[in-house]
Amino acid sequence: MSKALITGIAGQDAAYLSRLLLDKGYEVVGIDRPGRPGAPLPRLQGLGVAGDVRVVGLDLTDFSGLSRLLEREQPDELYNLAGQSIVRSSWQDPIQATKDTAQAALTLLEALRLSWPSARFLQASSSEMFGGAKQDRWDEATPFLPHSPYAVAKLFAHQSTVNYRTTLGLHASCAILFNHESPFRGTDFVLGKIADGVARIKLGQARTLQLGNLDSQRDWGHARDYVCAMHLMLQQARPGDYVVATGRTATVREACRIAFAHAGLAMDDHVVVDPALVRPGEVRCIEADASKARRELGWEPKTGLEDLIVEMVEAAHRRGGR
Ligand code: NDP
Ligand code: GDR
């Protein structure tokens with residue numbers, strides 16, 4: 001039986017990845033923040049796997065603790081999904097964001113190198129690392145130009161992973177993930193906020209939904225599909241870096257229209273642009289090119305934008321708003 005260790009076990013992707021790996025017969029051990037042992041993990045519960053994942057609490061910058069954990073668990077695969085994932089929050093506490101994302105990844109890599117180098121490692125990198133890149137298509141060769149403390153920290157973790165692969169020979173890979181969502185997405189993210197807002201308007205709990213830049217563009221996919229790409233990456237004989245995206249870019253306005261239309265509502269009657277929510281240094285995403293993942297991994301996203309949004313709106317409606 002293969003064993004996987006997943007950091008950030010309380011998060012969206014960790015829940016879908018746990019489900020995928022358990023279905024494949026893996027033993028799954030999750031690393032959560034220390035200090036909340038036995039706390040309920042609603043996303044694991046939501047996918048019916050809370051009882052099947054063994055959870056340990058550990059500070060990801062604790063090198064000795066991580067080394068001991070690796071020696072004890074001897075995992076075949078290690079997925080580093082932990083991190084403070086709200087880009088805006090990284091401006092509020094850039095030092096903590098850098099600790100959670102950059103220092104944690106380096107500590108994991110170093111513990112892996114010294115204690116259990118045979119494990120295969122996956123780093124959750126982000127399209128935010130491209131930031132201000134001028135190219136219209138973003139792929140693995142596009143130069144990075146990070147725009148936020150979050151993205152700078154992600155780039156440090158990314159380059160450290162590349163370094164441990166190319167210089168020290170670890171089987172270490174980076175998934176350069178574009179936005180991916182699910183009913184587990186909170187209202188700090190635009191699709192979660194739209195799904196929640198539509199549900200609340202439909203239920204008569206609200207009349208308006210305040211948003212920022214409606215013309216902003218993103219490539220949105222389903223988290224369930226993106227964790228399949230992560231898993232496939234670690235099954236390759238050779239490690240590498242892969243853009244994971246659908247290839248379809250849409251505006252926030254388009255996403256809104258789909259959500260409101262599904263609920264039988266007219267977006268223009270409810271959406272209000274709040275200039276305070278418009279981001280000053282907006283990342284400009286024109287087109288994501290995931291052809292390497294399609295070609296080498298045989299990976300294809302299964303859920304399109306419409307189905308993703310419908311799933312999110314219906315889940316928010318069932319929850320009765322938040
Ligand atoms: P989530 O925010 O849902 O999950 C990340 C988890 O990491 C959270 O549960 C968080 O815990 C935990 N965490 C943060 N800091 C620490 C720490 N110091 N020690 C232990 N755990 C910690 O994000 P996703 O599941 O959506 O994303 C997974 C990874 O992929 C993240 O690293 C994210 O940056 C990256 N990514 C995600 C994309 C997306 O669109 N979803 C796109 C590109 C990259 P807590 O809940 O307590 O904060
Ligand atoms: P992002 O996701 O910053 O791309 O980071 P988010 O959903 O927050 O923003 C997407 C786009 O929507 C626009 N927008 C709004 N965003 C929010 N949150 N709230 C609003 O009211 C609103 N109105 C418009 C934003 O300006 C932006 O253009 C996500 C995270 O998962 C990161 O961890 C990950 O690295 C990147 O995706 C890839």
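Along the axis of the charge dipole computed for the chain (Cβ charges of +1 for Lys and Arg, -1 for Asp and Glu, origin at the Cα centre), the listed residues Val273, Thr107, Gly204 are led at the positive end by Gly204.
Would you tally the net charge around Val29, using a Cβ to Cβ cut-off of less than 13 Å, leaving Val29 out, and scoring K and R as +1, D and E as -1? Don't skip to the answer; put the middle values down first.
Details: positive: Lys3, Arg54, Arg72; negative: Glu27, Asp32, Asp52, Glu73, Asp76, Glu77.
Every neighbour counted, the sum reads -3.
Here's the list of aspartates and glutamates a cross-link from Lys202 could span, going by alpha-carbon distance under 15 Å and ignoring same-chain residues fewer than 8 apart: Asp268, Asp269, Glu314. Using the Stokes-Einstein relation with a Kirkwood hydrodynamic radius computed over Cα pairs, the translational diffusion coefficient of the stretch 209-322 at 20 °C and a viscosity of 1.002 mPa s comes to 133 µm²/s. Computed with the Debye formula from one identical point scatterer per Cα of the stretch 84-144, without solvent, the log10 of I(q)/I(0) at q = 0.12, 0.20, 0.21, 0.23 Å⁻¹ comes to -0.43, -0.92, -0.95, -1.00. Start at zero, step by 10 Å, and the Cα-Cα distances of the stretch 101-214 spread as 13, 32, 27, 18, 9, 2 percent across the bins.
Can you give the accessible area per residue of the stretch 1-143, in Å², using a 1.4 Å probe?
Working: 6240 Å² over 143 residues.
I get 44 Å² per residue for this part.
With the convex hull drawn over the C-alpha atoms of the stretch 31-103, the volume per residue is 123 Å³.
Could you give the accessible area per residue of the stretch 157-285, probe 1.4 Å, as a whole number in Å²? Spell out each step's value before the answer.
Working: 5090 Å² over 129 residues.
I get 39 Å² per residue for the stretch 157-285.
Toward the positive end of the charge dipole of the stretch 68-172, with +1 on the Cβ of Lys and Arg and -1 on the Cβ of Asp and Glu, the farthest Cα among Pro94, Ser118, Leu81 is that of Pro94.
Summary value for the chain: 17 percent relative contact order, contacts being C-alpha pairs under 8 angstrom separated by 6+ residues.
Overall, the accessible surface of the chain at a probe of 1.4 angstrom is composed of carbon and sulfur to the extent of 50 percent. Residues whose amide H falls under 5 Å from that of Cys285, counting only those 5 or more places apart or on a different chain, are Gln217, with hydrogens built in the peptide plane.
Working note: Cα atoms of the chain, range along each principal axis, descending, whole Å: 59, 44, 38.
Note on His231: accessible area is roughly 20 Å² with a 1.4 Å probe, heavy atoms of protein only.
Coupling constants for the stretch 19-28 follow from the phi torsions by the Karplus curve (6.51 cos²θ - 1.76 cosθ + 1.60, θ = phi - 60°), and in residue order they are 4, 4, 5, 4, 5, 8, x, 6, 8, 10 Hz; glycine and proline get x.
Reducing the stretch 138-166 and the stretch 103-130 to their Cα centroids gives an inter-centroid distance of 12 Å. Taking the stretch 84-119 and a reference point 7 angstrom along Cα→Cβ of Leu58, the backbone N atoms nearer than 12 Å belong to 107-113, 115-116.
Taking all pairs of different Cα atoms in the stretch 43-164, averaging 1/r and flipping that mean, what Kirkwood radius in angstroms comes out? Computed over Cα pairs of the stretch 43-164, the Kirkwood hydrodynamic radius comes out at 15.7 Å.
Between exposed GluC sites (Glu not before Pro) in the chain, where DSSP calls loop and at most 16 other Cβ atoms lie within 10 Å, what's the longest gap? Let's see the in-between values first.
Details: sites that count: Glu140, Glu282.
Between exposed loop sites, the widest span is 141-281.
Only helical runs count toward this figure. For the chain, summing -39,500 (n - 2.57) over DSSP H runs of n ≥ 4 and dividing by all residues gives -11000 deg cm²/dmol at 222 nm.
Remark: the chain carries a charge dipole of roughly 320 debye about the Cα centre, counting +1 on each Lys and Arg Cβ and -1 on each Asp and Glu Cβ. Using +1 at the Cβ of each Lys and Arg and -1 at the Cβ of each Asp and Glu in the stretch 248-322, identify which of Val252, Ser291, Ile309 lies farthest towards the dipole's positive end. Checked the options; the winner is Ser291.
List the trypsin sites (Lys or Arg not before Pro) within the stretch 1-82 that fall in a DSSP loop (any state other than H, G, I, E or B) and whose Cβ has at most 15 other Cβ atoms within 10 Å. Don't skip to the answer; put the middle values down first.
Details: sites: Lys3, Arg19, Lys24, Arg43, Arg54, Arg68, Arg72; in loops: Lys24.
Filter output for the stretch 1-82: Lys24.
Dipole magnitude for the stretch 3-129: computed about the Cα centre from +1 point charges on Lys and Arg Cβ and -1 point charges on Asp and Glu Cβ, it is near 120 debye.
Can you tell me the order of 234-240, 195-201 when each peptide is scored by its average per-residue count of other Cβ atoms within 10 angstrom, highest first? Kindly include the intermediate steps, with their values, before the conclusion.
On the way: 234-240: 13.4, 195-201: 24.7.
Per-residue Cβ counts within 10 Å, averaged per peptide and sorted highest first, yield 195-201, 234-240.
The values are calculated or read from the model by the stated rules, or taken from the named source; none is laboratory data. As the structure is a computational prediction, the values presented were derived from the model and not from experiment. Glycine gets a Cβ as well: all are built from the backbone with ideal geometry, and neighbour counts include every protein chain shown. What goes into the accessible areas is simple: the full protein's heavy atoms, side chains included, and nothing from ligands, DNA or RNA. Shrake-Rupley method; radii C 1.70, N 1.55, O 1.52, S 1.80 Å.
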